[in-house]
Amino acid sequence: MIIQRKRIRNVVRYLPTLEHGRPIIAGFPLAAVGAEKRRQIGFPQNPEVNSAVLPAPVFGPISSFNANGKYIVHHDRPMETVTRSVFTTWEDWHGTPHSGYVNRDYRRYPRTLVPPPAVELRVSATTQDEILVTTEQSIFEPANFPAITHKINLILEIFGECHIFTENLERIIQAQLRRLNWRLLPPGARPFEQLRDEVREIVQQQPEDHQPTIMRRLETLNSHRPDFVAIGEAGFNGYVVFGFTARHIYLFESVFIDNATYVFGDNWQALSQLSKAEIITGNLAQDRIFHTNGWHQRIDQALR
């Protein structure tokens, strides 16, 4: 079955004859995906079978929510005070200009983060040598309808149509995935001038007045001389990993304002093959160091 819509709301309407309890897979033929679309998703031009990537949040609201989640703003609650570190320039009473980082308070309504579904796209082969881009298999039952709807809408937003596979799913070969979400820089300590060139593109995607603060945090983490740095690709764009292997500490730094630095103790090889949902919204982080007052001191404490 092929669904050709911009978005669906009721999955049962489009699969009216499908029995509950049946497995289904949403996908699209890889051969019909052009070179530019593959690049936008985060795939190499010729992705290997059983490789997977969290699609970049660049196609619309579905892919954005899938990779980054969303905030629910509670306009019915009292406003709260939030502190943000910003780079600014001012003049002293002599008229001499100065620049630096200051903490500014502002008022906003409370927000609750809805975690990203983090549905990955994988390259799957069939026993008939067809190559597909698919989501993970789902069981067609009411408890899974919201997740199935999201997967179908993600495929629709990226490809314009969604192929639903419900028959002969055994012909789609299931194998261990190799995730392509990180670009590992050459090992060894490097001056921040070199790292700045590597991270400039992701930093420049943020509001201009936030960029100096983001660069400052990255420079602080790099000053602790990590053994390696990895930069998030595709849907992990916006995250940089600083690895301190001798201390078994791995810091996931988010370039997004009002986010956090995630502290992990697992080895990098295992960590890099987890999904974003497992890494960011799971219970795996030893600590989260929020981008507020005291961030520098807590980073120093974590790396002692």
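A short reminder: the numbers here are calculations on the coordinates, not readings from a lab. None of these values were measured; they are calculated from a predicted model. For neighbour counting, all protein chains shown are included, and Cβ atoms are generated from backbone atoms with ideal geometry for every residue, glycine included.
Relative to the Cα centre, the charge distribution of the chain, modelled as +1 at Lys and Arg Cβ and -1 at Asp and Glu Cβ, gives a dipole magnitude of about 400 debye.
Estimate the FRET efficiency between L18 and D105 by the formula 1/(1 + (r/R0)^6), using the beta-carbon distance for r and 30 Å for R0, to the nearest 0.05. About 0.05, to the nearest 0.05. At an R0 of 45 angstrom, the distance between the Cβ atoms of Q194 and E161 translates into a FRET efficiency of 0.55. Amide H to amide H distances under 5 Å link G238 with G232, where only residues 5 or more positions off or on other chains count and H is placed in the peptide plane. Suppose R0 equals 35 Å. What FRET efficiency, 1/(1 + (r/R0)^6) with r the Cβ-Cβ distance, do R178 and E91 give to the nearest 0.05? Efficiency computed from Cβ-Cβ geometry: 0.05.
With unit charges on the beta carbon (Lys/Arg positive, Asp/Glu negative), name the residue among N283, F252, T126 whose Cα is farthest towards the positive pole of the charge dipole of the chain. Looking along the dipole axis, the top candidate is N283. Summing charges over neighbours of Y239, with a neighbour being any other residue whose Cβ is under 12 Å away from its Cβ, gives 0 when K and R count +1 and D and E count -1. Only DSSP H runs of four or more residues enter the estimate; each adds -39500 (n - 2.57), and after division by the residues of the chain the mean residue ellipticity at 222 nm equals -7000 deg cm²/dmol. All other residues whose Cβ lies under 12 angstrom from that of E253 are scored, Lys and Arg at +1 and Asp and Glu at -1, for a net of +2.
Counting only residues at least eight positions apart within a chain, or on another chain, the lysines with an alpha carbon under 17 Å from that of K70 are K151, K276.
The angle between the Cα long axis of helix 145-159 and the main principal axis of the chain comes to about 80°, on a 0 to 90 degree scale.
Give the shape of the chain as rounded, prolate or oblate, defined through the alpha-carbon gyration tensor: a ≥ b ≥ c are the square roots of its eigenvalues, a/c under 1.5 means rounded, and otherwise the shape is prolate if a/b is larger than b/c and oblate if not. Since a/c reaches 1.5 and a/b is larger than b/c, the shape of the chain is classed as prolate. Against the longest principal axis of the chain, how steep is helix 192-203, in degrees 0 to 90 to the nearest 10, with axes from Cα atoms? Helix 192-203 sits at roughly 50 degrees to that axis. The label-point distance for N144 and A31, in a model that sets each label 7 Å from Cα toward Cβ, rounds to 2.8 nm.
For the stretch 182-302, rounded, prolate or oblate, judged on the Cα gyration tensor with a ≥ b ≥ c (square roots of eigenvalues), a/c < 1.5 rounded, else prolate if a/b > b/c? Note, shape of the stretch 182-302 comes out rounded. Charged neighbours of L271, selected by a Cβ distance under 11 Å, balance to -1 (K, R count +1; D, E count -1). Over all orientations, the stretch 1-45 has a Cα convex hull whose mean projected area works out to 4.5 square nanometres. Taking amide H as placed 1.01 Å from N in the peptide plane, the amide H of R178 sits under 5 Å from that of S51, A52, each at least 5 places away or on another chain.
At full extension, D209 and T112 could sit 32.5 nm farther apart than now, given 0.36 nm per residue minus the alpha carbon distance.
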